[in-house]
1. Please give the charge dipole size of chain A, origin at the Cα centre, charges +1 on K and R Cβ atoms and -1 on D and E Cβ atoms. Round to the nearest 20 debye.
2. Pick from A:Ala377, A:Ala143, A:Ala217: which residue has the top mean-square fluctuation in a GNM of chain A where Cα pairs under 10 Å get a spring?
3. With a 10 Å cut-off between alpha carbons and a GNM built on chain A, which of A:Pro116, A:Pro213, A:Pro61 moves the most?
4. Cross-link list A:Lys84/A:Lys304; A:Lys84/A:Lys154; A:Lys11/A:Lys80; A:Lys333/B:Lys24: which exceed 32 angstrom alpha carbon to alpha carbon?
5. Give, as a single signed number, the net charge of other residues whose beta carbon lies under 13 Å from the beta carbon of A:Phe222, with Lys and Arg counted +1 and Asp and Glu -1.
6. Compute the distribution of all C-alpha to C-alpha distances in segment A:60-105, in bins of 5 Å from 0, and list the percent of pairs in each, rounded to whole numbers.
7. Calculated from DSSP H runs of 4 or more alone, at -39500 (n - 2.57) each and per residue, what is the 222 nm mean residue ellipticity of the protein assembly as shown, nearest 500?
8. Once chain A is represented by equal point scatterers at the alpha-carbon sites, with solvent omitted, what log10 I(q)/I(0) does the Debye formula produce at q = 0.11, 0.12, 0.15 Å⁻¹?
Amino acid sequence: MLLETWLVQLKQWMVNLFPAVWQPGVGSLVSVTVILGVFATLFAVATLLERKGLGRIQNRPGPNRVGPFGLFQPVADGIKMLTKEDIVPLTADQVVHFLAPIVLLAPVTLAFAVIPFGRNLVPIDLDAGLLFFFAVGSAAEVAAFMAGWSSHNKYSLLGAMRAIAQMISFELPLVISTVAVIMMSGSLSLVEIVRAQDGGVFGLIPRWHVLTPWGLAGFLIFFTAALAESNRSPFDLPEGESEIIGGFMTEYSGFKYALFFMGEYFGMFAVSGLATTLFLGGWHAPLPFLDRTLVPSFVWFFGKLLLLLFVFIWLRGTLPRLRVDQLMNFSWKFLLPLALINLLVVALWRFTASWPLAGRWALCLVALAAPFVALGAALMRHRHWKPRHYRYAR
Amino acid sequence: MKSAFIVLVLVILTSAAAAVWLRKLVHAALCLTATFAGLAALYLQLGAEFVGFAQILIYVGAVAMLVIFAILLTRNAGMTPEVRWSKHSGIIGTAIGLLVLGCLLISLSASNGIRLIAANTPEPTINVQRMGEQLMTRCVLPLEVLGLLLTAAMIGAVILAMPEKHGEGLDSDGRKIDEL
C-alpha cells in the first residue's frame, strides 16, 4: 500500500509544511516540478532508446562510447546543445523567431496536467479534460508557423506549411476516434474514462477499450493520427531531411533546436499517455487481479507508455516516408471516413448490450471490416503501377 | 481574482490594438491569435471551462490558421500597402464602430443574463454533461441548422477547389500525373 501512495503522501507532507494561504500554490508547484523532472528524464532516456533501437534495426550498435553501453550519451548531447552557438539569421524576424520554441513547448507541457498517471495521481481532474488536451495541442500549429515564417528561408516556410496542413488534416481523425470513447464512458474527464475500464470479465480479461471491436479500430486510427500529429516517421514530411533540410527547424541551432526536439518528444509522450488512458486501461494492470498486488499503478502506466514509445521507434526504423499527396489522401479519404463509421459502430455496440458476446462481436466486426475493405478497394481501383513521371525530377 | 481580470483585459486590449496597428500582416495575425487566447483565458477565469477550451481549439487552432493561410496565399504577404486615408474615412469608421457597439448594447440589454445578475440569482453549476443534454434536447434545432449550414459551406468550398473536368489529372505537358 505504501508503494502505491507514497507519492501522494509525500506531496501532502510537503504542502503541509507551508501556511494555509500558500498551500494550493505549493501543491501545484510540486506537481509541476515532478512532471517536468519525470518527463525531462524520460526525454533523455527516449533519445538514447531511439538511437539504440534504430541502430539495432539498421544492424549497427548505436551510441556506445560515452559511459557503459553509451548510457551517458544523452548527457553528452545535452552539454553539446547547451554550449553550441545560438545563430539567428540576420533577416529573421527576431521576436517571432525567439518566441516560436516557447510557444511550442509550453502548451505541450500543459497537456500532461490532465493525464492520470496512477491511482489518485492526476495533477488536475478537469471536467472537460480531453477537450483541454486537444485545445493546448492546437497551439503547436501556431508554433510551427511562427518558426517557419520568421526564419525567412524557403525550406523553413515549406516545412511549416507542410506541418500545418498535416496537423490540421490529422487532427480530425484523432479527435473523432476519441469521441467513440466519450460515447461509451459518458464523460470527458480522463479519470472517469480510466474508471470505466476498471475490472474484468471473469476477473481475467481486462475491460480495456482496445479489447472491443470499436476500441481496437479507434486505437489504430488514433495511433496513426497521433504518429502524424507528432510529426513522426512515416509522417515526418515537415522535417524531411532529404527534401527540405530540417523543415521549420532549419534555421534553429543550439538550445532553441533542443527545445523543438524536446517539444516533439513531449508531444509524443503526451499523445502516448492519452492513448494509454483512452484505450489501454490507463493505470490498470494488464490482468485485473494484478491491480491488488504491491506493484504501484503508475508502474503499469509508464510500462504501457514505454511500450507505445517502442512502437513509435520501431515504425520509424521500418517505414519509408510518405509523399504529401499520399498523406492527404490517406487522412481525408481513408482515416476520416473510418473514424466516422467507428462512431456508428460504437452506437451499435452500446445498443446491443443485451446480445450474446459473440453475436455482438461478429456484427461490429463486419460493420467495421466491410467499409475498411470497400474503401481500400475503391481508393486503389484506378491505380496502375508503372514507372512514374514527375514534373520536376526526371 | 480582480487583478487576474485586469491583467487579462490588458493583454487582450494590447494585442487587439497591436493587431490593428502593426504594419506586417503576419504580425497582425499572430497578435489576433494572442487576442483569441486571451479571450479564452477570460472565459476560463469566469468558470466556463468548456467554452474556454472550445475557444482555444477553434479560434487558436483553426481560425487563426485560416487567417494565416489566407495571408500567405495572397500577394503582398509581407507588408500592408501604404494606405492613403481619405478625409471622411475617420468619420465613417467611427460611425460603423458606434453602430456595432449600439447593436451589441441593445442585444445585451435585451438578454436574460443581465436580469439574472441584477436579481442576484445564484449562478447555476454548469458542467459538460448538462450542456450536452441541452444541445441534444432544447437546442437541437439550432444545432442541426448550424450543421447543415457548415456542410453547405464545405460542399461549396470543395466545388470551388475542384479541378476543371477537361484537364483532369494532367500536368502542363499533357502527361498524366500519378496520384497515390
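Here, each number is a calculation from the coordinates, and none is a lab measurement. Keep in mind that this is a model prediction, so the values were computed, not measured. Ideal geometry is used to build each Cβ from the backbone, glycine not excepted, and the neighbour counts take in all protein chains shown.
1. Working: 29 positive and 21 negative charges, 280 e Å.
With Lys and Arg at +1 and Asp and Glu at -1, about 1340 debye.
2. Among A:Ala377, A:Ala143, A:Ala217, the largest mean-square fluctuation in the Gaussian network model of chain A belongs to A:Ala377.
3. Judging by the Gaussian network model, the answer is A:Pro61.
4. A:Lys84/A:Lys304; A:Lys11/A:Lys80; A:Lys333/B:Lys24
5. Around A:Phe222, the surrounding residues sum to -2.
6. For segment A:60-105, the binned pair fractions read 5, 17, 14, 16, 15, 11, 11, 9, 3 percent.
7. Computed ellipticity for the protein assembly as shown at 222 nm equals -21500 deg cm²/dmol.
8. -0.90, -1.07, -1.51
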